[in-house]
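The values are calculated or read from the model by the stated rules, or taken from the named source; none is laboratory data. These numbers were taken from a predicted model, which means no experiment stands behind them. Glycine also receives a Cβ, built like all others from the backbone with ideal geometry; neighbour counts cover every protein chain displayed.
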Amino acid sequence: MSGATPAALGYQMPPEWRRHSATWLAWPKNPITWPDCVSAVEETFVAIVAALAPHETVDLLVDDGAMEQNVRGQLSRVPSKENVVYHRIRTVDSWIRDYGPNFLVSKDGKLAYNDWIFNAWGNKYEDLKEDNSIPARLQDWLHIPRFEPGIVLEGGSIDVDGAGVCMATEQCLHNSNRNPHLGRKEIEHYLKEFLGVEKILWLGDGVAGDDTDGHIDDVARFVSATTIVCATEEDPGDPNYRLLRENYQRLQRATNVSGTAYYIVPLPMPAIVMGDQQRLPASYCNFYIANGVVLVPMFGHANDVGAIHIFEKLFPDRSIIGIDCQALLWGMGAIHCVTQQQPWALVEKGMQPAAIR
């Protein structure tokens, strides 16, 4: 770590519920990620874009002109399709939450972003490491400062309350397949300096079947500066029962930067969803908060309805939209994993597009 950090310059990562200027997506096409169901995943993306476009810009990465033409055709029935902006930038896969820009806003309203190292979730998928280049390649379009922390981190592994606290799991951020040279205190230092937070709230393990080694966005999420939703499992025979119970107990003891306890809302898990001889990480915590709407993953389970009702109570000023994620889940993720929010800011165009190390 060298040079001025975002925190030193007055930047911080705002919470997801703050006003957005855009949501970033990368159009799906990888048949290895979604075997025999790419077309079904495309339909899921159409539903996501249809829910977002009436409320904010959708910045969509497509490989080339041919893909753009094809996608335009698929989105022709989407309301407010004029709010979709196409960027011809080739990607390997669609998990832009994890490899894309991690946006920041300064105290005086300027936009910047972090460009963390993406190593495909602990070197699990060599071909997907190419997407590590996406944040740098976007800089010529964004024209805002880009910070390079120089350590491995995925966007789905962190969540912030907008009031000085970052939440993450020990299983993921302490994993030796990410930053084996860093200890707990050093990781906390990077989070504080590059996210502009003051305190780290540590949970334990992530959900069963999660190949990301425990991303927080399947476990627990901030929904306001005072409230956290936490995934819970009622079946004692399910592997998630013990680990989610432990996380829930940690959250009940957790406090914000002022020492005040959070209000913890239990969020039931859906039934076990199996892929090709493996469990898939189905969780209602993989929702996405946008301007005017909250997109909630649906898995064709009886708990889908109950999850919607919980979010309706948590977000009375937003429409709650269920998105069928049964096909998307075959790629080991859901709505939050394929979206990346760009917060509204007084963007200072024309800045020199140079990385800040």
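Descriptive notes on the structure:
- When residues of the stretch 83-92 are limited to those that are among the β-branched types (V, I, T) and surrounded by 15 or more Cβ atoms within 10 Å (Cβ to Cβ), the one nearest to V46 (Cα to Cα): V84
- Considering only residues in the stretch 31-82 that are acidic (D, E) and closer than 17 Å to A334 by Cβ, the one that is surrounded by the fewest Cβ atoms within 10 Å (Cβ to Cβ) turns out to be E43.
- Screening L329 with (1) over 28 Å from Y99 (Cα atoms); (2) modelled with pLDDT of 95 or more gives one miss only, at (1).
- In the stretch 51-68, the residues that are within 11 Å of V84 (Cβ to Cβ) and touching a residue at least 40 places away in the same chain (Cβ under 8 Å) form no Cβ pair under 6 Å with any partner that is among the aromatic types (F, W, Y) and surrounded by fewer than 22 Cβ atoms within 10 Å (Cβ to Cβ), whether six or more places apart or across chains.
- Residue match in the stretch 23-42 (condition: over 18 Å from D93 (Cβ atoms), modelled with pLDDT of 95 or more and either charged (D, E, K, R) or under 19 Å from the mean Cα position of the chain (by Cα) (or both)): no
- Qualifying residue in the stretch 93-110 (condition: assigned to a helix (DSSP H, G or I), touching an Asp or Glu at 6+ places or on another chain (Cβ under 7 Å), surrounded by 18 or more Cβ atoms within 10 Å (Cβ to Cβ) and at pLDDT 95 or above): yes
- Taken over the stretch 1-11, the criterion of being modelled with pLDDT of 95 or more and surrounded by fewer than 19 Cβ atoms within 10 Å (Cβ to Cβ) is satisfied by A7, A8, L9, G10.
- Single residue of the stretch 242-286 satisfying the filter (closer than 18 Å to T226 by Cα and among the aromatic types (F, W, Y)) that is surrounded by the fewest Cβ atoms within 10 Å (Cβ to Cβ): Y263
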